[in-house]
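Report on one structure; see the data block that follows.
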């Protein structure tokens, strides 16, 4: 029982990076831009977050810095795919490697690498946090965990209930049609990349500032790629992405606990599970439900106004 | 309704140009691009990338004369440093070919590192268990590496063809799986008891690619060059290459005229995996002489970069691989003499890809700058 409560109360912390990163990706991809740079953006956020904590000693401010730094670097990506119409796969991969190199370089130059920091503390919601079991699982978390569901609500509302959301989805489904009605396709796409990257960077910052409380090279460890897979699994629906994030948070929270209870599974096979699980989830998504139907119609296709179709 | 549309959006032969500040930019798509123009623009992109690199290095505290020294003078001043570049060129060329073969049929193989790991694991298995007669040992290791790489790409290739699972993500995820399996072996059954590090035992002399007799260049380079020529024949001369070009140019048309797209894609993917496996073998048997936990690092992106800059042409890839080899060697000496972290090489590669990719815009578009008239 104690094992169970211990495990479940750790899930939100592990799930939040997946949840926010895939939400950011959904925002970007709804505008028709394939964002493969997530792994790099998470690294950028993680590095910037730790750097900001070291400089300001303010974990919450650091998360904002993480989001802003990532949004800034995503402007390069926006310039490439929106203005210069570069192949989005090449541009996304280049961003991953640019960010890997850049974060590793800055971290080493500034002496931020492998330095333990004071992370984001938990914020118990007092009377509720004293309820046995439920209190520990739901009301002894940090502020970002509490905010995650409202953020999802806000995004869902923005995408489906506002004119901005409508135009954004139109740009992602059929940029030519959107263009002909006067929507500025480039602006919407650049904006979606910027805001989406900010969310992914925020997720990366959360990973380093609240979960790991340290920066080491490549610490995103494939979570950005898993988030991309989650978006496909979720078929671009925010709530399904949240569900997927909780599943993956559950797997990640389980790994350190299995060994602690004394179950003999070779460590390295345990460490494979998130990646194998992601692969299985993608196979499942391919077998059940036609992904193509929910995919933004123009995903990965640059909008070339001068080219008539 | 129809008349309303006509009034609101009268048919125009030309869209209004964008307005920017003092004038406006007119974009036009080029219908025909000469190879020379393409080469010139891409070269311009490369130069811009190198200038950006120099700026980054200068902000990191390396002066311009030192950059010139490390990247040009010291590389070509001694046969030893030329051989250092050639040693790097071998495996770089192999992974570049792997990427080129896959990209040729639009199969995004981002799992080169995972396939290298499995190639090396298979080759090391042959070496550890002394399988086969000694004169044939290296050949057996090469074959084993080929099979290992092929096996590791078989999963994502089949998932893509049968179920439409995105290969970018599946190949990449399998890198992590392969890496953890490698650690499992190196910290477990295959750990060299004589070493404090998680390495396999050193290969015997017959299990290493021997020097060809000039400086310390090993047979890895000739193997890579032969592979490049084979790939060139495959992609540009053979029937398979013709089909692959067809699939690349227009998959729908290719399907319509009865080209077996599935078979062509699967073949190219398996070849790509096999070549990556050989890449792992070339690093392990040619440079490290044992299986280590980091021999593969960074090769995926270098492979993509080489294939991208070489336009998937195996012969151009030779030149580009040598160029990346120069970057690697210069990066190593920057690390030693200026304490520049190794990540700098990765950053430089990314900058070059970005600037060359961006320059393609000017290959495909004609940009007019029109001054605003009064």
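The values are calculated or read from the model by the stated rules, or taken from the named source; none is laboratory data. Here the structure is a predicted model, which is why all the values come from computation and not from measurement. Glycine also receives a Cβ, built like all others from the backbone with ideal geometry; neighbour counts cover every protein chain displayed.
If the condition is being over 21 Å from residue B:276 (Cα atoms) and not in a helix (DSSP H, G or I), then the stretch B:200-227 contributes B:201, B:202, B:204, B:211, B:212, B:213, B:214, B:215, B:216. Given the structure, is residue A:218 touching a residue at least 40 places away in the same chain (Cβ under 8 Å), over 24 Å from residue A:165 (Cα atoms) and surrounded by fewer than 24 Cβ atoms within 10 Å (Cβ to Cβ)? Considered against the rule, which asks whether it is touching a residue at least 40 places away in the same chain (Cβ under 8 Å), over 24 Å from residue A:165 (Cα atoms) and surrounded by fewer than 24 Cβ atoms within 10 Å (Cβ to Cβ), residue A:218 comes out as yes. Under 26 Å from residue B:96 (Cα atoms), within 14 Å of another protein chain (Cβ to nearest Cβ) and in a helix (DSSP H, G or I), is that true of residue B:230? Spelling it out, it is not the case that residue B:230 is under 26 Å from residue B:96 (Cα atoms), within 14 Å of another protein chain (Cβ to nearest Cβ) and in a helix (DSSP H, G or I).
Between B:149, B:111, B:96, the distinction of being closer than 30 Å to residue B:53 by Cβ, more than 12 Å from chain A (Cβ to nearest Cβ) and buried (at least 24 other Cβ atoms within 10 Å of the Cβ) belongs to B:96 only.
Show me the helices (runs of 4 or more DSSP H) found entirely inside the stretch A:64-140 where at least 3 residues are within 14 Å of chain B (Cβ to nearest Cβ) and modelled with pLDDT of 90 or more.
It comes to A:88-110.
The single condition among (1) over 24 Å from the mean Cα position of the chain (by Cα); (2) within 14 Å of chain A (Cβ to nearest Cβ); (3) closer than 21 Å to residue B:285 by Cβ that residue B:178 does not meet is (1).
Is it the case, given these coordinates, that residue A:256 is at pLDDT below 90, closer than 30 Å to residue A:182 by Cβ and more than 14 Å from chain B (Cβ to nearest Cβ)? No, not satisfied. Among the residues making up the stretch B:152-175, those that are surrounded by 19 or more Cβ atoms within 10 Å (Cβ to Cβ), more than 9 Å from every other protein chain (Cβ to nearest Cβ) and closer than 25 Å to residue B:285 by Cβ are B:152, B:153, B:171. Filtering A:135, A:101 for residues that are over 30 Å from residue B:49 (Cα atoms) and in contact with a helix residue (DSSP H, G or I) (Cβ under 8 Å, 6 or more places away or on another chain) leaves a single hit, A:135.
Of all residues being part of a helix (DSSP H, G or I) and at pLDDT below 90 in the stretch B:281-308, which is farthest from residue B:40 (Cα to Cα)? Just the residue, please. My answer is B:288. Once the stretch B:333-350 is narrowed to residues that are part of a helix (DSSP H, G or I) and more than 7 Å from every other protein chain (Cβ to nearest Cβ), the residue that is surrounded by the most Cβ atoms within 10 Å (Cβ to Cβ) is B:348. Could you check, for the stretch B:201-213, whether at least one of its residues is surrounded by fewer than 15 Cβ atoms within 10 Å (Cβ to Cβ), without any contact (Cβ under 8 Å) to a residue 40 or more places away in the chain and within 11 Å of chain A (Cβ to nearest Cβ)? No, the stretch B:201-213 has no match at all. Scanning for something within 11 Å of another protein chain (Cβ to nearest Cβ), out of contact with any strand residue (DSSP E or B) (no Cβ under 7 Å at 6 or more places or on another chain) and free of Cβ contacts under 8 Å to residues at least 12 places away in the same chain, does the stretch B:303-323 turn up at least one residue? For the stretch B:303-323, residues within 11 Å of another protein chain (Cβ to nearest Cβ), out of contact with any strand residue (DSSP E or B) (no Cβ under 7 Å at 6 or more places or on another chain) and free of Cβ contacts under 8 Å to residues at least 12 places away in the same chain: absent.
Once the stretch A:53-63 is narrowed to residues that are assigned to a helix (DSSP H, G or I) and free of Cβ contacts under 8 Å to residues at least 40 places away in the same chain, the residue that is nearest to the other protein chains (Cβ to nearest Cβ) is A:55.
Which residues, counting only those in the stretch A:204-246, are closer than 29 Å to residue A:288 by Cα, more than 13 Å from chain B (Cβ to nearest Cβ) and part of a helix (DSSP H, G or I)? Residues satisfying the conditions are A:238, A:239, A:240, A:241, A:242, A:243, A:244, A:245, A:246.
Tell me whether the stretch A:259-266 contains one or more residues that are in contact (Cβ under 8 Å) with a residue 60 or more places away in the chain, more than 11 Å from chain B (Cβ to nearest Cβ), farther than 19 Å from residue B:182 by Cβ and surrounded by fewer than 18 Cβ atoms within 10 Å (Cβ to Cβ).
yes
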